[in-house]
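Below is one structure, written out as C-alpha cells; the observations come after it.
Each reported figure results from applying straightforward, stated rules to the coordinates on display, with no laboratory input. Keep in mind that what you see is a predicted model, and the values were worked out from it rather than measured. Ideal geometry is used to build each Cβ from the backbone, glycine not excepted, and the neighbour counts take in all protein chains shown.
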Amino acid sequence: MRIGHHSAPGQPPSPEHRERWRRRMSAPDNEFPASVGLAVLLGHTDDVAVGITQIDAFSTGFRFTLAVRVRRARAELAHGGLFTLISAHVRPGVEIPLERRLLLGIEYPDDRRASTLYDMPMPGEVTGLDDAKLVLVQQSGSGDEQSVDQTYWVAPLPPEGPVTAVLAWPGFGIPECRTVLDGGAIRAAAARSQVLWPPQPRKESSQPPPPPRPSTGWFAEPPD
C-alpha cells in the first residue's frame with residue numbers, strides 16, 4: 001500500500017504526506033512500547049564487540065540499541081571518532097574509508113532488506129512512499145571513544161519467521177556475519193504496546209547524503 005496523500009510533481013509535499021512520512025521514519029511518540037527481552041552479540045574480536053542490547057516493539061515497527069565496545073582507547077577514536085565510524089550520516093567534506101565503517105543491515109524472511117548505507121528519501125523528494133518497504137533509520141546515541149550505544153528504528157514490523165541482522169566491520173577485524181532474530185517474538189511484543197494519546201504533529205527534519213557502498217558482499221546490493 002502506498003501513501004494516499006500525494007503531492008503534484010514539482011510541488012511541495014502536502015502536510016498529510018509529510019506527517020505520514022514522519023510516522024513511517026520513527027517510533028510513534030504516542031505509544032509505550034513492549035520489550036522483546038532479547039540481547040545478542042552480533043560479532044566480536046579480542047579488541048572489539050558489537051551487539052544488540054535491547055529491542056522495543058511498537059505497533060508500526062521496532063527500535064533496537066546497537067552496543068559497540070572497544071577494548072583499548074585509541075587516539076583516532078577520541079572526540080567523536082568512534083561515533084563517526086558507526087554513524088550512517090557522514091558530515092559533508094568528511095571522507096571515511098569504507099573498510100573503516102561499521103556496516104549494519106536488516107533482512108526480513110520475504111527478502112526485504114535495509115542497511116545503514118541506504119539513503120531514505122526526504123518527503124519532498126517522492127510523491128508516494130511504499131508502506132511495505134523496509135526502512136532502517138538511525139536515531140539517538142551516546143558514548144565515548146570506547147563505548148557507544150546507538151539506537152535504530154525499523155519499520156514495518158517483520159512477518160513471522162527469521163529476521164537477519166547483518167554486520168560487517170572489516171577495519172576492526174569483523175568480517176560480514178549474520179545473526180538470526182525471532183520475528184514472531186517481535187510481533188508478539190508489538191501486540192502488547194500501549195497507545196497513550198492521539199498522535200501529535202512532529203517537527204521537520206533533514207538527512208545528509210548516504211556513504212558509498214562496498215563493491216562486493218551483502219552491503220553491495222541496494223534495497224529494491
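Take the Cα of Arg178, step 7 Å toward its Cβ, do the same at Ser215, and the gap between the two points is 2.4 nm. The slack between Asn30 and Gln146, meaning 0.36 nm per residue of separation minus the straight C-alpha distance, is 38.4 nm.
Near Gln194, once Lys and Arg are set to +1 and Asp and Glu to -1 for all other residues with Cβ below 14 Å from its Cβ, the sum equals -2. Scanning residues 5 or more positions from Leu157 or on other chains, those with amide H under 5 Å from its amide H are Gly61, with H placed 1.01 Å from N in the peptide plane. When you count the other C-beta atoms within 10 angstrom of each residue and take the mean per peptide, 61-68, 26-33 line up highest first as 61-68, 26-33.
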